[in-house]
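Undergrad: One structure, pasted below without further comment.
The values are calculated or read from the model by the stated rules, or taken from the named source; none is laboratory data. Everything numeric in this text was worked out from a predicted model, so none of it was measured. Every residue, glycine as well, gets a Cβ built from its backbone with ideal geometry; the counts of neighbours run over all protein chains shown. Heavy atoms of the whole protein, side chains included, go into the accessibility calculation; ligands, DNA and RNA do not. Shrake-Rupley method; radii C 1.70, N 1.55, O 1.52, S 1.80 Å.
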Amino acid sequence: MNNSSRPSIAIAGAGLAGLCLAQSLHRAGIDVRVYERDSGPFARRQGYRITVDKDGRAALRRCVPPNLYELISTVAGAPGGYFRITNKDLRDAVTVRFDENIPDQAAVQMDRQTLRAILLRGLEDRVHFGKGAVGVEQDSSGAVLHLSDGGSTRADVVVGADGVGSVLRATTLPGHDPVDSGMYALYGRTPLRVRGRSMVPQALTSSGVLAIGDRPGRCMFFTSMRFGEQPSAAFRRLAPGHDAPVDDDYVMWGLVFSGADDPFPDQQPTSSQLHEFAVGLVGEFHSVAKELIAESQPEYTMKVKLTAAPRPRGWQMSRVTLVGDAVHAMPPLGAHGGNTALRDAALLAEKLEHAVAHGASLEHALSAYQDEMVPYAFQSVDEASKQLRRLTGSNPVQRWILLRALPRLHRATVS
Ligand SMILES: Cc1cc2nc3c(=O)[nH]c(=O)nc-3n(C[C@H](O)[C@H](O)[C@H](O)COP(=O)(O)OP(=O)(O)OC[C@H]3O[C@@H](n4cnc5c(N)ncnc54)[C@H](O)[C@@H]3O)c2cc1C
């Protein structure tokens, strides 16, 4: 422990996992400091809407104070609805109904910026923006986190929550960089209502839709983000003095494609070039999908390379660990990445808080977290990778079943 004997934890990265962990440790009276590379909380787009499932909700409920959990639940979309896998014409092949009977466990849609704004509440003097992690060194009594401004900070434990491109992974888990799948995704957002008209047909407003293209390797998905209560009103009521970063309902869409079959025209494309590229990719899909992209805000278009992390083997016991995408990056299929990151945060918080309360070894706490995290997280990595292969692969039998046979068994949801 440090001189004050109050344990200190330094976290690199103020994303979902880093902030959720910091919330819990701060409530437990632990000296927690978060170092974030970005200059401010919304300096960069990090995706828009996120499906938070029962694991993610349980983690948030455990880590944040009750008033913030109430705010999270209030602004989240209504639970329930469907997930639909369709052909390019939006004819259903497979539909899954989300369970809404257990209110606190049902999957809900959350706006990511709103969730981050809530997770930052109460941590204002704990989170240091514009200070990226550049490396970490450890010894028997703690670790030193080196920062991009030339400074450094010593803590009893350092946690790498610095996302898929984690800098801390190189020293903590050398040789475990995520493996490139060769696939990319473009993401964007479109206002839910444009010129007074809903961009999504009534039948699909409470559905997540994943449409598979006729050309192997391509698929398109979209989901509406309809706030349960308008965030500005909910923040005024439950978090006065703080502004909601987003207030209007929107539709998040994504297009998955193969980088080899559809190479980007430019190495460093701008968001408007990415938007133009998306317009070209969506040509074969239903007019609802085409309109969503045509009417989207080009400046919000971003691209993500789809990768999957290799399973860690022989992870050494130490004073440094990793949470979230830093250790288990996975393709964004099945909505597991963020929920697993939140689950890690809650599990690591529990292990650290227990060790601190009982004067037990912090190294053992990290090791126990890693032993428990790896099986559930890498099951999700395997599932998401399998789903990516299944939905974008070229197996003719699977494709015939998904794109021709199954859609014939369902009535058209949209004309
Ligand atoms: C468009 C999109 C949609 C998605 N939808 C879902 C979904 O519906 N459900 C789901 O569960 N998952 C979803 N995911 C995946 C999910 O977003 C990630 O798995 C999740 O954000 C991982 O959380 P994290 O805290 O580990 O990393 P991040 O949220 O990426 O946070 C990492 C943070 O670290 C910071 N950082 C990076 N490098 C450094 C450094 N060197 N020093 C300090 N800070 C650094 C970054 O700026 C960032 O703030 C989606 C992803 C995308 C892109």
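Undergrad: What pairs from Lys131/Lys305; Lys88/Lys305; Lys131/Lys290; Lys88/Lys303 go past 30 Å between their alpha carbons?
TA: Beyond 30 Å: Lys131/Lys290.
Undergrad: Can you give me the angle between helix 271-281 and the longest principal axis of the chain, using Cα atoms only, in degrees from 0 to 90, rounded to the nearest 10?
TA: 40
Undergrad: Right, something else. Once each part is reduced to its C-alpha centroid, what is the distance from the range 132-188 to the range 349-415 in angstrom?
TA: One Cα centre to the other: 22 Å.
Undergrad: Given the options Val397, Val381, Ala329, identify the residue whose Cα lies farthest towards the positive end of the charge dipole of the range 306-415 (+1 on Cβ of Lys, Arg; -1 on Cβ of Asp, Glu).
TA: So the residue furthest toward the plus end is Val397.
Undergrad: Label Glu291 and Asp180 with points 7 Å out from Cα along Cα→Cβ: what is the distance between them in nm?
TA: 3.8
Undergrad: Report relative contact order for the chain in percent, whole number only (criteria: Cα-Cα under 8 Å, sequence separation at least 6).
TA: Normalised by residue count, the contact order of the chain is 23 percent.
Undergrad: Based solely on C-alpha atoms, express the radius of gyration and the Dmax of the chain in angstrom.
TA: Rg, Dmax (Cα atoms, Å): 21.6, 70.
Undergrad: Further question on the same structure: Can you list, largest first and rounded to whole Å, the semi-axes you get for the range 98-155 by taking the square root of 5 times each eigenvalue of its Cα gyration tensor?
TA: Computed over the range 98-155, the values are 36, 16, 11 Å.
Undergrad: Using a 1.4 angstrom probe, figure out how much accessible area the range 8-409 has per residue, in square angstrom, rounded to the nearest whole.
TA: 41
Undergrad: Hey, got the dipole for the chain? About the Cα centre, +1 on K and R Cβ, -1 on D and E Cβ, debye to the nearest 20?
TA: Magnitude of the dipole: close to 960 debye.
Undergrad: Here's a follow-up. Can you compute the modelled spin-label distance between Leu409 and Asp243, with each label point 7 Å from Cα toward Cβ, in nm?
TA: Once both label points are built, they end up 5.2 nm from each other.
Undergrad: Can you give me the Kirkwood hydrodynamic radius for the range 19-117, using every pair of distinct Cα atoms, in Å to one decimal?
TA: Radius from the Kirkwood sum: 15.6 Å.
Undergrad: Then there is this: Using a 1.4 Å probe on the protein heavy atoms only, what accessible surface does Asp243 show? Give it in Å² to the nearest 10.
TA: Counting only protein heavy atoms, Asp243 exposes about 140 Å² to solvent.
Undergrad: Right, next: Tell me, how many Å apart are the Cα centres for the range 17-92 and for the range 215-279?
TA: The range 17-92 and the range 215-279 have Cα centres spaced 16 Å from each other.
Undergrad: Over the chain, what percent of the accessible surface lies on carbon and sulfur atoms, probe 1.4 Å?
TA: 49
Undergrad: Out of all DSSP beta bridges in the range 8-409, what portion is antiparallel? Express it as a percent rounded to 5.
TA: 70
Undergrad: Got a sec to turn the phi values of the range 187-200 into Karplus ³J(HN,Hα) couplings, 6.51 cos²θ - 1.76 cosθ + 1.60 with θ = phi - 60°, whole Hz, x for Gly and Pro?
TA: Running phi through 6.51 cos²θ - 1.76 cosθ + 1.60 with θ = phi - 60° gives 10, x, 9, 10, x, 5, 10, 10, 6, x, 10, 6, 7, 10 Hz.
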